[in-house]
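Some notes on the structure that comes next.
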Amino acid sequence: MKRRLSKILILVLLIGYFLSCDSVKRVADNEHLLTNANVLVNEKKDNTETINNLLYQKPNRKIASIPLRLHIYNLARNNRDSLFEVWLDKNPKRRARLTKRLSKKQLNQLKNSALGFNNWLRTTGEPPVILDEVKTKKTVKRLQDYYINHGWFNVKTTYDIKRNENKRASIKYHVKTGVPFIIDSITEKVKSPIVDSLYQRIKREALIKSNEQYKTANFEQERDRISNELRNSGVYHFDQDYITFEIDTVGTNKKVNVGIQIQDRAIRTQDSIKREPFKILKIKDVNIITDYAFEKRGQPFKDSITYEGYKLYSYDKIRYKPEALTDAIFITPGSVFRDLDRTRTYRHINELRTFKYPNIEYIENADNTLTDTIRLTPLKKFSLGFSADASQSNIQTVGFSLNPSLLIRNIFRGAETLEVSARGSIGASKDKNNIDDPFFDINEIGIDFKLTIPRLFLPFNTERIIPKYMSPATRISLSSTGQTNIGLDKQTFTGTFNYNWYPNEKVSNRLDLFNAQYVRNLNVNNYFGIYQNSYNTLNQVAKDVNYIDSDSDLNIPDGQTDEFLEYALAPETPSEISSSQLATINSINERKNRLTENNLILSSSFSFINDKRTNLFDEDFSIFRFKLESAGNLLANASKLLGLKKESNDRYEIFNVAYSQYLKTELDYIKHWDLGKKNVLAIRSFLGIAIPYGNSTSIPFSKSFFAGGPNDNRAWTAYSLGPGSSKTINEFNEANLKIALSVEQRFNIFENLNGAIFVDAGNIWNVLDNVEDENATFTDFNSLEDIAIGSGFGLRYDFSFFIFRFDLGFKTYDPFYGDKNRWFNDYNFSNAVYNIGINYPF
């Protein structure tokens, strides 16, 4: 092993040596390739991203100390067009021979392909960074400005350039900061009495504080803060230009005395500017034009309504309930002017999805009040949508789907939106249940209704509990789907009634008051045709006990599998079936009953998300998600009150279906650290548990947890990991307890290509349900020994609008090995799992 590593190291060094010899291929004799640029701050090297971003010139980027993109660029040929022509004419017969063999058109295509590849080398590569002393001096000036703006007023910056005979050069920037200046006294001079009184209330939150180091950015942010606070307190005419700062450092012994000045309002006339104190302005009237259009401007209004001080106008008949519009408007008659109210009004009107971007205009009245006019341009009442897809999967050779949709706005005159969408698909299955079936033997049809109400639909006022600035909304949805020749041919009916509100830009809440789901399986006899692993195991047991001949199989269509189950699970176990075989048959039968039974779930849930991302490009943030769900309690209480009788398994039934009863919770935390230079460290932790009780002894398949896959533990395929250390025979493994932990280091390779190394850990277990297999259940903390660990690496390519991801996961610690050594048994490429995904896993 050591000899192999030594050979690899020598090979890498040789490749690096030969590549480095070619680095200056495109560097002229009077030029130098910049190979190093270091910044020494007080004689200590500073390689932080903040300082590196100040450099006007940086050496060519390197991978493993090799400027790979520079070498790609150097492979390109200059004047490739002319060189190709020279190559053609170098041999007198070459052009004629190629033209005869390829034709003139094909010869031109050959030329274009050569030019195209040459251009690709240039665009993919990176040209050599040639030392430019002008840019070096600009960098020195930028470094000096940076440190001055951070309080080192006496900073000195210089540079040294070392030019070598091999056409390479390096730069060292020297920064001597000296002693930073500290803010000492802060005085303010505010001319307008009203502004002065407001400033005294807000200065406790000032960003400029005594005994802190001077930073120019703090002064800029303080100017923004003061301006925003005053404009949100009624000072309509105020802006940042009225705020100035005086900085005094003369004879202060490295101290900064700050003077804050806020001028009176400047009123421009034809000949001069006069100043007068600022005043607080109030909103006198709020006019809402409900059907504004440019071509209607100046026409008389035909309809008007006054509602709670608001005045609504329309060029035709008003088509909206007044409260539907006023609930979205935060500018209130009689209130003090606030910029924040205008911002919130813009946002909430857009959230109605009923109007185009609104126009909000203030006009100052002679009595120092404001009249606000909000012009709303309605969108079309009906919007049609249509999409089509062609697909191929592991169950169908080819499939086609159509998805029409209809959006109806303001359906009940309260700015509500109703979305009606349908989906229909057909496909040709790879394994037909009946050879006489038509080619397109798979079909699915469904319809969805979703009504969005832009407020909480409740019989009482919730303004004090959930104010309207939180964008409360109610969503009611109904859907139904039906399948043929897909799995067990399910019919599904779902209905939800939920509330959504957003306390701030980071936090979102959702309360599902009702979430009803009914699943009916129409083709239960096809169970063993779908779950082949269970069938193969059952078929082998039937052969082992001589229930069928060794050269025959249990017949699925004729129900022979069910006959064998009934035979093996008789009150008196047949003598030829051993206890281990009986346990296997019991396990197969329990899972069959669970996956083929119809499900009725009536649940309520609450979800909380705190997402601290500032934008799509933020790489230093955290996300916390919490969900609590309870199902079956309402039906259980109703069953008792109605005196319903339990069925043979001691369960209540509604419409001949035993409803589910459980309590489920999920905790999910994601954290990203931006390490600079496009390096990001990301972690994720997840804990989920669902506990059945009352009318249930297990969790419905749709509500259980699974492990593995491209967004989970990437060393295992989806549904293949767990439960625990059990050697399951199921195609889809699931359980009611899950732990997942992941850490991933992401880094840039070049341009839009990024790499990652990762470690994933986790598993699923059964807990407090009807599963008795010790290897599959979580009994105590010793069960944590069954946490599976996978590790690997991956590549990501950023297409801007999405990221294409490829990950390779290796089984590092495999709990399936039981009491044997679990480390690195299958840590090789033949047992690796290849994952393809869109966007990052977390």
- Message: Step by step: first the residues of segment 585-618, then only those that are acidic (Asp, Glu) and under 12 Å from the mean Cα position of the chain (by Cα), then the one that is modelled with the lowest pLDDT. Which residue is that?
- Response: ASP618
- List the number of the failed condition for GLU563; all other conditions in (1) assigned to a helix (DSSP H, G or I); (2) touching a residue at least 12 places away in the same chain (Cβ under 8 Å); (3) not β-branched (Val, Ile, Thr) hold. (2)
- Item | Filtered residue count, segment 764-813, keeping only those that are closer than 24 Å to VAL743 by Cα and not in a loop (DSSP other than H, G, I, E, B) | 30
- Within segment 640-664, work out how many residues are surrounded by 11 or more Cβ atoms within 10 Å (Cβ to Cβ), touching a residue at least 40 places away in the same chain (Cβ under 8 Å) and out of contact with any helix residue (DSSP H, G or I) (no Cβ under 9 Å at 6 or more places or on another chain). 3
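Among the candidates SER685, SER696, single out the residue that is assigned to a loop (DSSP other than H, G, I, E, B) and either buried (at least 16 other Cβ atoms within 10 Å of the Cβ) or touching a strand residue (DSSP E or B) at 6+ places or on another chain (Cβ under 9 Å) (or both).
Details: SER685 fails: assigned to a loop (DSSP other than H, G, I, E, B).
Just one listed residue meets the conditions, SER696.
Would you be able to tell me the number of residues in segment 305-324 that are over 22 Å from LYS381 (Cβ atoms) and either in contact (Cβ under 8 Å) with a residue 12 or more places away in the chain or among the aliphatic types (A, V, I, L, M) (or both)? Walk me through it before giving the result.
Residues of segment 305-324 that are over 22 Å from LYS381 (Cβ atoms), as a first pass: 306-311.
Now restrict to residues that are either in contact (Cβ under 8 Å) with a residue 12 or more places away in the chain or among the aliphatic types (A, V, I, L, M) (or both): 307-311.
Qualifying residue count, segment 305-324: 5.
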- Quick check: is even one residue across segment 500-519 crowded, with 18+ Cβ neighbours inside 10 Å, among the aliphatic types (A, V, I, L, M), under 49 Å from the mean Cα position of the chain (by Cα) and not in a strand (DSSP E or B)? no
- Quick one: which strands (runs of 3 or more DSSP E) sit completely within segment 323-410 and have at least 3 residues that are among the aliphatic types (A, V, I, L, M) and not assigned by TED's automatic domain parsing to the domain that holds VAL235? 382-391, 396-409
- Filter segment 821-838 down to residues that are in a helix (DSSP H, G or I) and in contact with a strand residue (DSSP E or B) (Cβ under 9 Å, 6 or more places away or on another chain) and give me whichever is nearest to ILE789 (Cα to Cα). ASN831
- Query: Which of the residues belonging to segment 342-373 are more than 30 Å from the chain's Cα centre (by Cα), crowded, with 18+ Cβ neighbours inside 10 Å and either hydroxyl-bearing (Ser, Thr, Tyr) or farther than 19 Å from TYR292 by Cα (or both)?
  - Reply: LEU370
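Filter the strands (runs of 3 or more DSSP E) completely within segment 227-270 down to those with at least 3 residues that are under 25 Å from ASP184 (Cβ atoms). Steps first, please.
Numbers: elements: 243-248, 255-262, 265-268.
Correct list: 243-248, 255-262.
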- Report, by residue number, each residue of segment 312-322 that is part of a strand (DSSP E or B) and surrounded by fewer than 18 Cβ atoms within 10 Å (Cβ to Cβ). none
- Message: Which pairs turn up if I take residues in segment 743-757 that are within 12 Å of GLY792 (Cβ to Cβ) and look for partners that are surrounded by 17 or more Cβ atoms within 10 Å (Cβ to Cβ) and of a type in the set (S, T, N, Q) with beta carbon separation below 8 Å, at least 6 apart in sequence or on another chain?
- Response: GLY755/ASN748; ILE757/SER791
- Message: For segment 172-227: of the residues being free of Cβ contacts under 8 Å to residues at least 60 places away in the same chain and among the β-branched types (Val, Ile, Thr), which is nearest to LEU34 (Cα to Cα)?
- Response: ILE208
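Looking at GLU772, GLU751 in this structure, which one is among the acidic types (Asp, Glu), loosely packed, with under 15 Cβ neighbours inside 10 Å and on the phi < 0 side of the Ramachandran plot? Don't jump to the end; show me each part of the working.
Values: GLU751 fails: on the phi < 0 side of the Ramachandran plot.
Of GLU772, GLU751, the one residue that is among the acidic types (Asp, Glu), loosely packed, with under 15 Cβ neighbours inside 10 Å and on the phi < 0 side of the Ramachandran plot is GLU772.
One line per residue, one yes/no per condition, for (1) basic (Lys, Arg); (2) out of contact with any helix residue (DSSP H, G or I) (no Cβ under 6 Å at 6 or more places or on another chain); (3) crowded, with 16+ Cβ neighbours inside 10 Å; (4) more than 30 Å from GLY234 (Cα to Cα):
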site	(1), (2), (3), (4)
TYR146	no, yes, yes, yes
ARG163	yes, yes, no, yes
ILE194	no, yes, yes, no
GLN200	no, yes, no, no
LEU207	no, no, yes, no
SER210	no, yes, no, no
- Query: Considering segment 597-650 alone, what residues qualify as being assigned to a loop (DSSP other than H, G, I, E, B), touching a strand residue (DSSP E or B) at 6+ places or on another chain (Cβ under 8 Å) and of a type in the set (Gly, Ala, Ser)?
  - Reply: GLY632
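The values are calculated or read from the model by the stated rules, or taken from the named source; none is laboratory data. The structure presented is a predicted model; accordingly, all values stated were derived computationally and were not measured. Because the Cβ atoms are built from the backbone with ideal geometry, glycine has one as well, and the counts that use them run over all protein chains shown.
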